[in-house]
Amino acid sequence: MKLVMPCMACFQELGKPTNEFVTLEFRDDGRYEVHCSRGHNSVTVLQQQKFEILFDIGANAIIDGYYREAISSFTSSLERFYEFSIKVFCENNSMNNDTYLKIWKQVSNQSERQLGAFLFLWTSKFKETPELLNNKDTKFRNEVIHKGKIPTKQEALIFGNTILKIIRPKIKQLQSLFEEEISSVISKHIRDCSKIETNQISGGTMCANTIISLSSGEESHNTQTLENALKSILESRDIIESTESITRGLNTRARYV
Ligand SMILES: [Zn+2]
């Protein structure tokens, strides 16, 4: 799974993107270094939260035939969504960052503790218990992740669609009451990722078109099935492949200069 990125420094200087794109691997720290032919060494931060990226990694794993890995990434996406929601609720409670980090440290290694925090905070904010994975889905997930079960493609698709049905309505619910807090959590994330070295320039931020999306307001995008999303990913892969072949061509020419 790769990300296609223009040089945002060129974009800022020229007011429009150049025809040069680089393909990058997704990173844990959300920080993407782009070296362009005009000499920029810029750092662009991806606005997407971990849960948005992880779900896409799961979708790509299905395309590549790694169904166990897809289940694992979808599960991580859901768990990181819990973390994101907890951050939003703490923001709403005006909890300062140091306190948040201190408490998070005590739950960071145990997903059951995180789930407990999410359940209580969600229920106290929305006055209703959130719908989560049912017993059958949980059993299936545990068999795959902990017992080495090899799922079929169909099972991976069903599980991915189940995760979509859990997360998407909750994003809507969060956005209906906590829009300001969501922006604040995203801003903090961007600030944490934006460490610029002396030889680098800031390339600003960029949005990726992930399947689960905090930033997309399009109803058709936010209601598409996993199967349809996979078709879009395949189309994007074609574009990335042609970008890479152009880049390879440029590199070859550069070597002959
Ligand atoms: Zn540039």
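The values are calculated or read from the model by the stated rules, or taken from the named source; none is laboratory data. Only a predicted model underlies this, so the values are computations on that prediction, with no experimental measurement involved. Glycine gets a Cβ as well: all are built from the backbone with ideal geometry, and neighbour counts include every protein chain shown.
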- Item | Number of the condition not met by Thr18 [criteria: (1) of a type outside the set (D, E, K, R); (2) within 10 Å of the ligand (Cβ to nearest atom); (3) more than 22 Å from Asn199 (Cβ to Cβ)] | (3)
- Message: Can you confirm whether Glu219 is under 25 Å from Glu131 (Cβ atoms) and either surrounded by 12 or more Cβ atoms within 10 Å (Cβ to Cβ) or in contact (Cβ under 8 Å) with a residue 60 or more places away in the chain (or both)?
- Response: no
- Message: Which pairs turn up if I take residues in the range 224-239 that are outside the structural domain of Lys165 (by TED's automatic domain parsing) and look for partners that are among the polar types (S, T, N, Q) and in a helix (DSSP H, G or I) with beta carbon separation below 7 Å, at least 6 apart in sequence or on another chain?
- Response: Thr225/Asn161; Leu226/Asn161; Ile233/Asn60
- Message: Can you find, within the range 55-65, the residue that is nearest to the ligand (Cβ to nearest atom) among those that are over 14 Å from Thr210 (Cα atoms) and among the β-branched types (Val, Ile, Thr)?
- Response: Ile63
- Some residue of the range 51-65 being assigned by TED's automatic domain parsing to the domain that holds Lys125 and not in a helix (DSSP H, G or I): yes
- Task: For the range 26-54, enumerate the residues that are over 16 Å from Ile186 (Cβ atoms) and within 16 Å of the ligand (Cβ to nearest atom).
- Result: Tyr32, Glu33, Val34, His35, Cys36, Ser37, Arg38, Gly39, His40, Asn41, Ser42, Val43
- Message: Tell me yes or no: at least one residue of the range 130-149 is aliphatic (A, V, I, L, M) and either in a helix (DSSP H, G or I) or touching a helix residue (DSSP H, G or I) at 6+ places or on another chain (Cβ under 6 Å) (or both).
- Response: yes
- Message: Which condition from (1) of a type outside the set (D, E, K, R); (2) surrounded by 18 or more Cβ atoms within 10 Å (Cβ to Cβ); (3) over 30 Å from His35 (Cα atoms) is the one that Leu214 breaks?
- Response: (3)
